[in-house]
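The values are calculated or read from the model by the stated rules, or taken from the named source; none is laboratory data. On a predicted model such as this, the values are computed, not experimentally measured, just so you know. Every residue, glycine as well, gets a Cβ built from its backbone with ideal geometry; the counts of neighbours run over all protein chains shown.
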């Protein structure tokens, strides 16, 4: 009986089915008690032996992130995109103009790349490809095994990111590599490689907004413009013939992959969509335009006058949180960003609890009782808390632990 009970918990945790069920009184009571437990646990963190805390965090992370690979169906996006590529092959039909339930939301250049990947049975291999990419971007600051283990722990369980990449089968590793090598170029050479940044943002158009902001702060504008304008123009030329269909696909209301039709919840914990839902407002061009202006105003309030590693982390985190079409697998972008932070902060109990322990704990809880989809907003709450803690740490040069 105990074995069956544990198996059921693992199964529910892998699928997260209870997030689709309505909150009832018993679930409210149980979740309230566990939230109180979590708060008491956090307040008593300094009293808990560090090794025991790390071990429990490792276990929670593995149950959530790796357990998802044991149960099918998984990798929905991988299956959908590979099927769409197969559907339009040699048909002359635009991949962005299909009368199907799901749409293709990648730039044209990735259509051929994804088609090639799908030919290698990507549906089955994507977990291993994702793990390989994570090993590539794993920071290597020294030969200290304990430091490596800390980074590995973040990559395994931080913000549930790896869990969502595995579950969705998303091709997110393409932009993940672009972001990683952009940051690596910045850290090593002290320059901003706009071409890599463009490749990262091009796949998620919202992040292209980072480029003009960095360009304004760049002291070597003319030199950088000459260096990277031609490669960027070349990539745009490769996408030219289907660019109109690609951009138009974002405004097709029937599409299930649209900021105008998506419902907020644990699958899309967007602040933009959440606020609109709260006030009963439908998403549209006008609301998105107002949100864009608010974003620019908030960006101005950050008063970033120069770019260093810490402000770069703050800037990218800001655009991630404010993304109107935030998906939880986007939080995988935090993994290369953490290399911009001090290792001492990443080792701290507070940082590990906020980014790994609590999110994974609440995912297991929410997956096994009927809490409703809005409970999943804890994902972005803890992301905000982590960024705020990192900001305070580097601002005040606090000594953790």
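Details
- Evaluation of residue 273 against (1) outside any loop (DSSP other than H, G, I, E, B); (2) in contact with a helix residue (DSSP H, G or I) (Cβ under 9 Å, 6 or more places away or on another chain); (3) at pLDDT 90 or above (one fails), failing number: (2)
- Residue check, residue 61 part of a loop (DSSP other than H, G, I, E, B) and touching a residue at least 24 places away in the same chain (Cβ under 8 Å): no
- Residue 345 being modelled with pLDDT of 95 or more and farther than 30 Å from residue 284 by Cβ: no
- In the stretch 51-73, the residues that are over 19 Å from residue 366 (Cα atoms) and modelled with pLDDT under 80: 72, 73
- Figure legend. Inter-residue proximity from the stretch 327-351: first residues under 13 Å from residue 314 (Cα atoms), second residues assigned to a loop (DSSP other than H, G, I, E, B), beta-carbon distance below 8 Å, spacing 6+ or different chains. Indicated pairs: 338/139; 339/139.
- Within the stretch 277-288, the set of residues being exposed (fewer than 15 other Cβ atoms within 10 Å of the Cβ) and in contact with a helix residue (DSSP H, G or I) (Cβ under 9 Å, 6 or more places away or on another chain) comprises 281, 282.
- Every condition in (1) modelled with pLDDT under 90; (2) crowded, with 18+ Cβ neighbours inside 10 Å; (3) within 30 Å of residue 394 (Cα to Cα) is met by residue 265 except one, and the failing one is (3).
- Within this structure, residue 392 fails the test of being under 30 Å from residue 25 (Cβ atoms), part of a helix (DSSP H, G or I) and out of contact with any strand residue (DSSP E or B) (no Cβ under 9 Å at 6 or more places or on another chain).
- Every pair of residues 6+ apart whose Cβ atoms lie under 7 Å, when the first sits in the stretch 294-319 and is without any contact (Cβ under 8 Å) to a residue 12 or more places away in the chain and on the phi > 0 side of the Ramachandran plot while the second is surrounded by 12 or more Cβ atoms within 10 Å (Cβ to Cβ) and outside any loop (DSSP other than H, G, I, E, B): none
- Any hit, the stretch 27-47, residues being touching a residue at least 60 places away in the same chain (Cβ under 8 Å) and part of a loop (DSSP other than H, G, I, E, B): no
- Identity of the residue in the stretch 16-25, farther than 22 Å from residue 66 by Cα and touching a residue at least 24 places away in the same chain (Cβ under 8 Å), that ends up surrounded by the fewest Cβ atoms within 10 Å (Cβ to Cβ): 22
- Residues within the stretch 289-333 that are touching a helix residue (DSSP H, G or I) at 6+ places or on another chain (Cβ under 8 Å) and farther than 20 Å from residue 394 by Cβ, tallied: 13
- Residue 310 surrounded by fewer than 17 Cβ atoms within 10 Å (Cβ to Cβ), within 17 Å of residue 383 (Cα to Cα), modelled with pLDDT under 90 and out of contact with any strand residue (DSSP E or B) (no Cβ under 7 Å at 6 or more places or on another chain): yes
- As a summary of the residue check, residue 381 satisfies the conditions (1) surrounded by 19 or more Cβ atoms within 10 Å (Cβ to Cβ); (2) without any contact (Cβ under 8 Å) to a residue 40 or more places away in the chain except for the one numbered (1).
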